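Before any comments, here is the structure.
Quick note: the coordinates plus some simple rules give every number you see, no bench work behind them. These figures come from a predicted structure and were not determined experimentally. Heads up, the Cβs are rebuilt from the backbone with ideal geometry, glycines too, and the neighbour counts pull from every protein chain shown.
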């Protein structure tokens, strides 16, 4: 069999060796299989690295050697022969016996479930101690009965009042990186002040146990633990343990959202059912499947760019819900529910207890956000309370929008509270 090729206007005849062409094809196939195998091996190694390499530690973790970790205190306890361990489960499984001390350092959960808090308080009342190191804005502070405040926001080396109890007698001064302190407006069973009369540590008794609160968690981090006499403070709390000292890592890993009963424990998502080996197999299988599609000639087109985008706004949502509530005759009820939610969120942001009165919420709104926003909140409360049972559409939408705007303004407030009430 012969084939012709046209060149420069002439026909040149030459033979083609089909056996050589088939050999070239086989070489190409062999190279393709080799590339495929190498790709699968590389993907497998990447999957192994993703599945098994340790992740970075969260801030304030007793496992973290970084500057914002507290591994230095944990190792200090180990070297001094203190029985110390990490707690990575929920509070429903805390040891049943007494004499334990639980360190909770800067919990990373916005709202502690009420059932988890009740279990913790019952555990304390049986004769155990909780030491909470947390910023004043942390919700757990108010949920456990304390209120913290900020000073001038600058680091401070505070001279402490002399105390004769254990390790505290060795404390002459403490270093506070952010100068947080306890509020004078909450009654405590005991407190420790500096020589300027500022509360630096507070205690509340619960049954046979106690809860201590220190409002500046950075003072025991690896960065600041050796400043002033900061080392002596955690050593004092460790001396209160007759059994063991625990560092709670569950507050950094979401364990508080899990039920306290072992038989009810379920993964927080279906993805947690898969082990590291399963993820590795899925990763490899996906890579192999994509390579097979490519080998079979299945190509992937570029994504189509949409020329028209439509973004739903909060006003459209409010108008739609307002029409629905008006049609159902639930105008005032819906406004009351929205207003109650606004007041609860405001109280939570300002560090007030959950059952704070509306007048207290208005007063603290004036303190932190100014007179204008306090008057707006007072007017909103008055309009909702005086609204008829069937609110007209425009008024319902207007009040709903104003409540939502006030909620967003309070949520955006980041300034720590001052030490004086205006």
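What order do you get for 129-141, 67-79, 226-238 when each peptide is scored by the mean count of other beta carbon atoms within 10 Å, highest first? If you can, show how the numbers build up before the last one.
On the way: 129-141: 22.1, 67-79: 18.0, 226-238: 19.9.
Those peptides, ordered most packed to least, come out 129-141, 226-238, 67-79.
Taking 0.36 nm per intervening residue step and subtracting the Cα-Cα distance, what contour gain separates residue 169 from residue 66 on full extension? Walk me through the intermediate numbers first.
Numbers: separation 103, 0.36 × 103 = 37.08 nm, distance 2.99 nm.
Roughly 34.1 nm would be gained on extension.
Got a sec? Which residues in region 112-134 would a label at residue 80 touch, if it sits 7 Å along Cα→Cβ and we count backbone N under 18 Å?
129-133
Once label points are set 7 Å from the Cα along Cα→Cβ at both residue 242 and residue 154, what is their separation, rounded to one decimal in nm?
Reported label-point gap for residue 242 and residue 154 is 4.7 nm.
Run the quick spin-label model on residue 357 and residue 122: label points 7 Å from Cα toward the beta carbon, then report their separation in nm to one decimal.
Placing both labels 7 Å along Cα→Cβ, they lie 3.4 nm apart.
What relative contact order, as a whole-number percentage, does region 163-244 give when Cα pairs under 8 Å and 6 or more residues apart are counted? Could the numbers behind the result be given before it?
Details: 106 pairs, mean separation 28.7, N = 82.
The value is 35 percent.
By its C-alpha gyration tensor, with a ≥ b ≥ c as the square roots of the eigenvalues, how is region 98-161 shaped: rounded for a/c under 1.5, else prolate for a/b larger than b/c, else oblate? Please report the intermediate quantities before stating the final value.
Numbers: a/c = 2.70, a/b = 1.53, b/c = 1.77.
Note, shape of region 98-161 comes out oblate.
Using 0.36 nm per residue, how much length does the chain from residue 41 to residue 227 gain when fully extended, once their Cα-Cα distance is taken away?
Values: separation 186, 0.36 × 186 = 66.96 nm, distance 5.05 nm.
Net length gain for the segment: 61.9 nm.
Evaluate the distance, in nm, between pseudo-label points positioned 7 Å from the Cα of residue 196 and of residue 386 along their respective Cα→Cβ axes.
4.6
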